[in-house]
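Participant: Questions regarding the structure given below will be posed in turn.
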Amino acid sequence: MRKLEADRSAGSIAIEGLVKRFGRVHAVDGVSLDIRAGEFLALLGPSGSGKTTILMAIAGFEYPDEGRVLLGGEDITWLPPNRRNLGMVFQRYTLFPHMSVLENIAFPLKMRGVGRAEREERARGALRTVRLEQMGERSPAQLSGGQQQRVAIARAIVYRPRVLLMDEPLSALDKNLREEMQIEIKHLQREIGITVVFVTHDQTEALTMADRIAVLDQGRLQQLGAPRELYEAPQTEFVAGFIGETNFWAGAAAAAAAPGEALGVQLDGGVVMPALAASPVPAGGRVRLALRPERLRIVAGGGEGVPARVTEAIYAGNATTLMLETAGGQTLRLRIPAGTGLPEAAAGEAVTLSWQAADARAFAVRS
Ligand SMILES: Nc1ncnc2c1ncn2[C@@H]1O[C@H](COP(=O)(O)OP(=O)(O)OP(=O)(O)O)[C@@H](O)[C@H]1O
Ligand SMILES: [Mg+2]
């Protein structure tokens, strides 16, 4: 029983107060993060936000200026990479060109002194896991990009590491293959029950694959949560703007509100619309509303709401997007998914907009 518990937590990672500077650049600026054993965690953020640096600190290729990295509860901050026993897959294919696929996969086992027969058997097993069993004798040059990345994954899991670290492993692949591989990697992770830390700057990829996503900006953790949580309840304007599409609209709070409470927000023309406070909002304080295009509604029959004019209607098969402009000059995007039967409108029409409090998040503007 005790062993079972130990095994279960063996793949957990704790990052505590991680700081990494390169000269004057704070690549990582005080990040703390608990990654559960068996979890698929995505590190998501724009270029230069510190994703790779965090991954390198977990792998042992960068040592932090401050903070600690724990693996299964054990402090590994200063342990050399080869003693961490983590699997790694990078963006570029890093297979040895002069070795066959099987030799590539067996290589880490050879380095660990595993005998020939066992190497071969385990390499074939790993190749089966990534569904390339027929391709063991080929050389990497005879494989497609997606197949090469599958071999790289097989090589990274063949010695059964507790954790698999992946840095944008799909970004060199075309869109279709990439989407296929996203699902495949996810299935593989479930199947072998390994902890995965997956770096990407592609929010759709993170939303598709991850159990939880850590959103980073300028070396700081903005929010850690399940995909749905990040999309529906972003805690910062950065997260609201980075995940999914968002309209931002400046207004004034009609009353004070604590985070999670509903409030009225006065928008241009004086109309007061409902919202939920995402941060503490003082009465009369300036706020920015974050509104998802697919949560805005056109009110039929001119009910209560914000008057606006349709400047453009873009039909795209699965949805229609309306570009709108209010009397005060605010531009907004509104999306009507196909087949919902919701009211639509054509370019040039005057409409009234509405939304529910839960669909508008109000962020206090710091002055
Ligand atoms: N070895 C280094 N020397 C100097 N600066 C570095 C070094 N490595 C990273 N940086 C800087 O640290 C910051 C974070 O870099 P990092 O590579 O972690 O970002 P990233 O989120 O992985 O970005 P990308 O999506 O472009 O890969 C950047 O400003 C980068 O220029
Ligand atoms: Mg990077």
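Participant: Determine the order of THR94, THR326 by accessible area, beginning with the largest, at a probe radius of 1.4 Å. Walk me through the intermediate numbers first.
Facilitator: Numbers: THR94 55, THR326 10 Å².
I get THR94, THR326, largest accessible area first.
Participant: Once the Cα atoms of helix 116-129 and of the chain are each reduced to a long axis, what angle between those two axes, in degrees from 0 to 90 to the nearest 10, is obtained?
Facilitator: Tilt of helix 116-129: around 20 degrees.
Participant: I'd like the accessible area for LEU207: 1.4 Å probe, protein heavy atoms, all chains in place, Å² to the nearest 10.
Facilitator: 50
Participant: When only the heavy atoms of the protein chains count and the probe is 1.4 Å, how do SER49, SER171 rank by accessible area, highest first?
Facilitator: Working: SER49 0, SER171 35 Å².
Putting SER49, SER171 in descending order of accessible area: SER171, SER49.
Participant: Moving on to the next point. Accessible area of GLU120, 1.4 Å probe, to the nearest 10 Å²?
Facilitator: So the heavy atoms of GLU120 present about 90 Å² to solvent.
Participant: Could you compute the FRET efficiency for ALA14 and VAL272, with r as their C-beta to C-beta distance and R0 at 56 Å, rounded to 0.05?
Facilitator: Working: r = 46 Å, r/R0 = 0.81.
It comes out at approximately 0.80.
Participant: Here's a follow-up. Tell me, what ³J(HN,Hα) does each residue in the stretch 252-268 have, in order and in whole Hz, if you take phi through Karplus 6.51 cos²θ - 1.76 cosθ + 1.60 with θ = phi - 60° and put x for Gly and Pro?
Facilitator: 10, 6, 6, 8, 6, 8, 8, x, x, 7, 7, 8, x, 10, 7, 10, 4
Participant: Could you look at the stretch 60-129 and say what percent of its accessible area is carbon and sulfur, using a 1.4 Å probe and all protein chains?
Facilitator: Details: 2040 of 4080 Å².
On the stretch 60-129, the fraction of accessible area on carbon and sulfur atoms equals 50 percent.
Participant: Moving on to the next point. Once the Cα atoms of helix 175-192 and of the chain are each reduced to a long axis, what angle between those two axes, in degrees from 0 to 90 to the nearest 10, is obtained?
Facilitator: 60
Participant: Using the Cβ atoms and a cut-off under 11 Å, what net charge is assigned to the surroundings of ASP75, where Lys and Arg are +1 and Asp and Glu are -1?
Facilitator: Working: positive: ARG68; negative: GLU16, GLU74.
Result for the neighbourhood of ASP75: -1.
Participant: For a test of understanding, tell me how many lysine pairs in the stretch 2-237 have Cα atoms under 25 Å apart, given they are 8 or more places apart or on different chains. Before the final figure, lay out each step's value.
Facilitator: Details: LYS20/LYS51; LYS51/LYS175; LYS51/LYS186; LYS175/LYS186.
Step by step, the pairs that qualify in the stretch 2-237 add up to 4.
Participant: With the other protein chains left in place, how much accessible area per residue, in square angstrom, belongs to the stretch 2-237 at a 1.4 angstrom probe?
Facilitator: Working: 11450 Å² over 236 residues.
Per-residue value: 49 Å².
Participant: Still on this structure, I have one more. If all Cα-Cα distances of the chain are sorted into 20 Å bins from 0 onward, what percent lands in each bin, rounded to whole numbers?
Facilitator: Calculated P(r), rounded to whole percents: 25, 46, 25, 4.
Participant: Express the relative contact order of the stretch 226-367 as a whole percentage, based on alpha carbon pairs under 8 Å and six or more residues apart in sequence. All intermediate terms of the calculation are to be shown ahead of the outcome.
Facilitator: On the way: 336 pairs, mean separation 38.6, N = 142.
Computed over the stretch 226-367, the figure is 27 percent.
Participant: While we're here: Add +1 for every Lys or Arg and -1 for every Asp or Glu among the other residues with Cβ under 13 Å from the Cβ of ALA27, and state the total.
Facilitator: 0
Participant: If I take every Cα pair under 8 Å that is 6 or more residues apart in the chain, average their sequence separation and divide by the length, what percent do I get for the relative contact order? Spell out each step's value before the answer.
Facilitator: On the way: 803 pairs, mean separation 54.1, N = 367.
Computed over the chain, the figure is 15 percent.
Participant: Give, as ranges by residue number, the residues of the stretch 223-241 whose backbone N falls under 18 Å from the point 7 Å along Cα→Cβ of LEU342.
Facilitator: 231-233
Participant: Also, quick follow-up: Just to verify a number: what accessible area does MET135 come out at with the full protein assembly present, 1.4 Å probe, Å² rounded to tens?
Facilitator: Result for MET135: roughly 40 Å² accessible.
Participant: Given that compact globular proteins tend to follow 2.2 N^0.38 Å, what is the ratio of the alpha-carbon Rg of the stretch 255-307 to that value?
Facilitator: Numbers: Rg = 12.1 Å, N = 53, 2.2 N^0.38 = 9.9 Å.
Compared with the compact-globule rule of thumb, the stretch 255-307 sits at 1.22.
Participant: Based solely on its DSSP helices, what 222 nm [θ] is calculated for the chain when runs of n ≥ 4 H residues each add -39,500 (n - 2.57) and the sum is averaged over all residues, nearest 500 deg cm²/dmol? Walk me through the numbers on the way to the answer.
Facilitator: On the way: 9 runs with 92 residues, N = 367.
So the calculated ellipticity at 222 nm is -7500 deg cm²/dmol.
Participant: Sticking with this one: Which residues does a label at VAL365 reach in the stretch 217-244, if reach means a backbone N under 17 Å from a point 7 Å past the Cα toward the Cβ?
Facilitator: 237-238, 241
Participant: Farthest toward the dipole's positive end in the chain, which of GLN148, PHE96, VAL271, given Cβ charges of +1 (Lys, Arg) and -1 (Asp, Glu) about the Cα centre?
Facilitator: Value computed over the given set: PHE96.
Participant: Here's a follow-up. Residue-wise, which Karplus ³J(HN,Hα) couplings in Hz belong to the stretch 98-112, taking 6.51 cos²θ - 1.76 cosθ + 1.60, θ = phi - 60°, and x for glycine or proline?
Facilitator: Rounded to whole hertz, the list is 8, 9, 5, 4, 5, 5, 4, 5, 6, 3, x, 6, 4, 4, 9.
Participant: With θ set to phi - 60° and the Karplus curve 6.51 cos²θ - 1.76 cosθ + 1.60, what are the ³J(HN,Hα) couplings of the stretch 305-312 in order, to the nearest whole Hz, using x for Gly and Pro?
Facilitator: Once θ is set to phi - 60°, the couplings for the stretch 305-312 become x, 9, x, 8, 10, 7, 8, 7 Hz.
The values are calculated or read from the model by the stated rules, or taken from the named source; none is laboratory data. Values in this document were obtained by computation on a predicted structure and should not be read as measured data. Because the Cβ atoms are built from the backbone with ideal geometry, glycine has one as well, and the counts that use them run over all protein chains shown. We work out accessible area using only protein heavy atoms, side chains counted, and drop any ligands, DNA or RNA first. Shrake-Rupley method; radii C 1.70, N 1.55, O 1.52, S 1.80 Å.
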